[in-house]
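All remarks here apply to the structure that follows.
Every number in this text was worked out from the coordinates using simple rules, so none of it is lab data. The structure presented is a predicted model; accordingly, all values stated were derived computationally and were not measured. For neighbour counting, all protein chains shown are included, and Cβ atoms are generated from backbone atoms with ideal geometry for every residue, glycine included.
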Amino acid sequence: MRLEGGCYCGNVRYVAEGEPMMKAQCHCRECQYITGGAPNVFIAMPVAGFSYTKGTPKQFTRTDLERPVTREFCPECGTHVTTGRSGFGGDRQGGHAR
Ligand SMILES: [Zn+2]
Ligand SMILES: [Zn+2]
């Protein structure tokens, strides 16, 4: 499977190749923040097959959580692109392919 996507303004583009490890809709508090209130729909792809083809996302990791995720988002338009968790094999969860 090959997914291509990017952010709202087109500054950040990515390609994710490999077999999806999980497709889910998550209602947890962190996902609510990420989406602005609604559930977060995501797909987990192997990190080995993921690369940015355009632009460099900004990263953010909360320091007050025991197992924080690292969010990556466009520094220009703010679109959330991926979420990575170190304890999750470094794999990334992407949002909808856009
Ligand atoms: Zn953007
Ligand atoms: Zn969640």
> Out of Arg67, Arg13, Arg85, any idea which swings most in a Gaussian network model of the chain, alpha carbons joined below 10 Å?
Replying inline: Arg67
> So what are the ³J(HN,Hα) numbers for segment 50-65, from phi and the Karplus equation (6.51, -1.76, 1.60; θ = phi - 60°), rounded to whole Hz, Gly and Pro as x?
Replying inline: 9, 8, 8, 9, 7, x, 10, x, 8, 10, 9, 10, 5, 9, 9, 10
> Which of Glu76, Glu17, Glu66 moves the most in a Gaussian network model of the chain with Cα springs under 10 Å?
Replying inline: Glu66
> What is the set of long-range amide H partners of Cys7 at a cut-off below 5 Å, with H atoms built 1.01 Å from backbone N?
Replying inline: Val12
> Hey, if you put +1 on the Cβ of every Lys and Arg and -1 on every Asp and Glu Cβ in the chain, which of Gln25, Val12, Phe42 ends up farthest toward the positive end of that dipole?
Replying inline: Val12
>> Explain nothing, just compute: Karplus ³J(HN,Hα) = 6.51 cos²θ - 1.76 cosθ + 1.60, θ = phi - 60°, for every residue of segment 28-44 in order, whole Hz, x for Gly and Pro.
In response: 5, 4, 4, 5, 4, 5, 4, 8, x, x, 7, x, 9, 9, 9, 10, 9
> How many nm is it between the label spots at Thr35 and Tyr52, if each spot is 7 Å from the Cα in line with the beta carbon?
Replying inline: 2.5
> Taking the chain as a Gaussian network, where each spring joins two C-alpha atoms under 10 Å apart, which residue of Gly49, Gly18, Gly37 fluctuates the most?
Replying inline: Gly37
> Can you give the relative contact order of the chain as a percent, counting alpha carbon pairs under 8 Å and 6+ residues apart?
Replying inline: 29
